[in-house]
Amino acid sequence: MRLPLLLLVFGIQACVSTQAADKLAPVLSPEQQSAMLNADVILLGEQHDNPHHHALQKEVLELLGQRSVLGSVVFEQVHWDQQTILDSLNNRSLGELAKDLNWASSGWPDYEFYEPLFMAATRYKTQIIAGNIAPQKSRRVYQEGYAAIFKPEEQKKLGLDQNFEPKAEAALEEEIFMGHCRLLPKDHVKTMIPVQRTRDAAMALAWARLHKKGKTVFIVGSGHARKDFGIPWYLERLKPGIKVYSIGMKEAGVVTDDEAVYNQVITTEPAERDDPCAGLKEKFSKPAKG
């Protein structure tokens with residue numbers, strides 16, 4: 001799988017002569033590879049339907065796997081209730097994984113985007129962790145708050161009783177607003193914050209509960225990889241001093257000013273797609289019942 005033409009790289013950060021390292025060379029300098037390899041946790045923030053982003057994720061898994069340091073991979077796309085499926089995954093059952101996870105009805109992009117990632121993790125006998133909460137549990141959080149998912153001591157340990165810095169809080173609100181195609185009423189955005197925070201906290205907690213050894217890679221949307229309000233914020237509270245390397249992957253033509261909330265931003269060619277907001281536009285254009 002060939003990596004796409006790199007259009008832009010923002011970053012900080014020794015290269016080894018492995019095949020995966022060579023493939024990563026167009027997007028990760030030797031200094032950036034060194035910084036990534038020195039981290040305990042690596043977050044690879046994707047645009048979910050962009051094949052270029054998944055190609056990069058695969059090469060990172062290959063690099064760590066070839067070095068025998070890949071301990072676990074946390075997938076946003078799989079929820080806690082499906083962990084037993086991942087626990088029994090092997091090369092023989094891998095072909096049935098999409099069916100076992102009911103992927104076709106999950107709402108995620110085509111399984112073919114993620115299959116190479118599951119294959120790489122399985123090939124290197126990596127622990128695979130279901131990071132997210134199930135959709136029905138998100139609805140419970142919206143109605144009941146954090147207690148629907150977390151015990152009181154977990155809420156405190158995760159910092160869910162704390163507010164973000166004002167700038168980060170505003171950025172989270174903007175993330176939710178943009179994630180709903182700018183169609184969500186502004187006064188409704190704040191009510192969605194506990195759901196977003198729950199997902200990030202849940203993925204961090206899943207790692208803390210299940211990770212055993214080696215380095216961890218998170219396969220998540222770019223918003224979840226942000227260091228100001230995403231998964232890294234909760235990881236730091238669960239394990240102060242943890243070394244995190246966060247990569248946000250974006251598409252050419254998307255103008256943002258949030259490069260500082262990642263260790264590195266990689267901008268690639270955009271994916272070909274239909275209007276992702278078409279469904280929401282139709283939903284919000286319908287008159288309310290009642």
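Under a crude label model (7 Å from the Cα following the beta-carbon direction), how far is K151 from L183 in nanometres?
Label at K151, label at L183, 4.1 nm between them.
Would you mind putting 222-232, 50-60 in packing order, based on average other-beta-carbon counts within 10 Å, highest first? Can you show the working numbers first?
Details: 222-232: 24.7, 50-60: 23.1.
Highest-to-lowest ranking by the protection proxy: 222-232, 50-60.
So if R0 is 30 Å, what FRET efficiency would Q66 and K239 give, r being the distance between their Cβ atoms, rounded to the nearest 0.05? Please list the in-between numbers first.
Numbers: r = 26 Å, r/R0 = 0.87.
Efficiency for this residue pair is about 0.70.
For region 130-181, what is the charge dipole size about the Cα centre, in debye to the nearest 20, if Lys and Arg each add +1 at the Cβ and Asp and Glu each add -1 at the Cβ? Provide the component values of the computation, followed by the final result.
Values: 7 positive and 9 negative charges, 67 e Å.
With Lys and Arg at +1 and Asp and Glu at -1, about 320 debye.
With n ≥ 4 as the cut-off for DSSP H runs, can you work out [θ] at 222 nm for the chain, using -39500 (n - 2.57) per run divided by the number of residues, rounded to the nearest 500? Can you show the working numbers first?
Working: 12 runs with 120 residues, N = 290.
Per the formula, -12000 deg cm²/dmol.
How much length is gained if the chain between V195 and R123 is pulled fully straight, taking 0.36 nm per residue apart and subtracting their Cα-Cα distance, in nm to one decimal? Don't skip to the end; give the middle numbers.
Details: separation 72, 0.36 × 72 = 25.92 nm, distance 3.39 nm.
Length difference between fully extended and current span is 22.5 nm.
With every protein chain in place, what's the accessible area of R199 (1.4 Å probe, Å², nearest 10)?
R199 has an accessible surface of roughly 70 Å² with all protein chains in place.
With a ≥ b ≥ c the root eigenvalues of the C-alpha gyration tensor of the chain, is it rounded (a/c under 1.5), prolate (a/b larger than b/c) or oblate?
Values: a/c = 1.36, a/b = 1.29, b/c = 1.06.
Rounded shape, in that the Cα axes give a/c under 1.5.
The values are calculated or read from the model by the stated rules, or taken from the named source; none is laboratory data. All values derive from a computational prediction rather than experimental measurement. Positions of Cβ are generated from backbone atoms using ideal geometry, with glycine treated the same way; all protein chains shown enter the neighbour counts. The area values use the complete protein model at the heavy-atom level, side chains included, leaving out ligands, DNA and RNA. Shrake-Rupley method; radii C 1.70, N 1.55, O 1.52, S 1.80 Å.
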